[in-house]
1. Which aspartates and glutamates, on any chain, are close to K105 with Cα under 13 Å apart, when same-chain ones fewer than 8 places away are left out?
2. Tell me which of L153, Q121, L107 sits at the most positive position along the dipole axis of the range 105-180, charges placed on C-beta atoms (Lys, Arg +1; Asp, Glu -1).
3. With the contact rule set at Cα under 8 Å and sequence spacing of 6 or more, what percent relative contact order holds for the chain?
4. Output the 0 to 90 degree angle, nearest 10, between the alpha-carbon long axis of helix 147-179 and the longest principal axis computed from the alpha carbons of the chain.
5. As an exercise, find the ratio Rg/Rh for the range 105-180 from alpha-carbon atoms, using the Kirkwood inverse-distance average for Rh.
6. Using 0.36 nm per residue, how much length does the chain from A84 to S61 gain when fully extended, once their Cα-Cα distance is taken away?
7. What is the spin-label model distance, in nm, from T127 to T45 if the labels are put 7 Å beyond Cα along the C-beta direction?
8. Using a 7 Å offset from Cα along Cα-Cβ at R278, what residues in the range 197-229 end up with backbone N under 15 Å from the label point?
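Values quoted throughout were computed directly from the atomic coordinates according to the rules given, and no laboratory measurement underlies them. Keep in mind that what you see is a predicted model, and the values were worked out from it rather than measured. Neighbour counts are summed over all protein chains in view; Cβ atoms, including those assigned to glycine, are modelled from backbone coordinates with ideal geometry.
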Amino acid sequence: MHFSQSRAQPRAALLLGMAAALLSACSSSDAPGDGNSAAREAVMTVTATPLTRVEFTRTVSMTGSVFAWQDVIIASEVGGYRVAEVFVDVGDRVTKGQRLVAMSKALLEAEVATKQAVLSQRQAELTNAEQALERGKSLVNMNALSQADLDRLTSEQLASRARFESARADLQTSKLRLEFTDVTAPDDGVITSRTVTVGQIAQAGNEMLRLLRNGRIEWRGEAPETRLADLAPGQTVSIATADGTKYLGSIRVVSPTIAAGNRTALVYVDLAPNDALRPGMFARGEIEIGTGPAFTVPLESIVSADGYSYVFVLGSNNTVARRRIETGAVQADSIEVVSGIEGGETVVIKGAGFLKDGDLVNVGNATGGS
């Protein structure tokens, strides 16, 4: 029994020695090294740039669409007559007074002839009444006609004149209706819509054609309420369509009212006639409102959260701090920083969207700063 205990003691001592060696190795591997451990603990590699003051062009950006300056609706002034001919189609350029639509004139020509005959009859009646009145006046002077008979002749002459004037007015009305069977262009322009067809019975006031007056177009954009003080008639506006083509225009007027729903006001911009610009096209507008020194950061460095804008500022030991900032105008790929960070501080660019306050990062391809 004593012999077994003596053999067990060296074996226990050997096991304790091996355990101590393992613990020593583990503690050695967890000890701080030469700095590579910090790189392994960094959440990611980012790029950064110092905040510097640059000469910045401030602009107001808006969205809007191209509209006709005046979209003229062309309709017939008489109704109930058949359309005999349509002389224009969509896209045609027309001049003021040009004949666009012709309606059947047969019924109105017959009406004019009838009323012309009635007018001639009334003219004859008036002539007879006037001559009878003149004879009556002579007889009264000779005491051969009573005053009552003279009053009767005067009354008949006045009634005949009234019938004559009424017949003349009726004839003039029929002649005007006959003229209105030819629908003409009210001004120079381009036909943009056609709803009239040959053979239909035209109705007074119903749209037949639509005219882009003088070929003149404009762009209407929505400007935020806070930027209206920077806008004025005559300012140059750069308009960019969906395909990226840019056109220049000038502000004609800024709406005196503000839409309660989105707190914006319409800005009306005159554009030069151009076949490539068509009413209804979407376009973005930019208006330069001045230049001056400003702090800017790349757009990709901005992180939006909770309705606010943030950037990550690189601090000591490559840790980042989230800063809430106030932004201003946008120019190309940069945005103005109004407040929230100071000149000389280094802002994270690439990778900012994946960081949180206090993260440790590696900085690669930094353009300056820490």
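1. E85, E179, D182
2. L107
3. Details: 716 pairs, mean separation 103.9, N = 370.
Relative contact order here is 28 percent.
4. 40 degrees
5. Details: Rg = 17.0 Å, Rh = 13.8 Å.
Taking Rh as the inverse mean 1/r over Cα pairs, Rg/Rh reads 1.23.
6. Working: separation 23, 0.36 × 23 = 8.28 nm, distance 5.09 nm.
Stretched fully, the A84-S61 segment lengthens by 3.2 nm.
7. My value for the distance between the label points is 11.3 nm.
8. Inside the label zone: 212.
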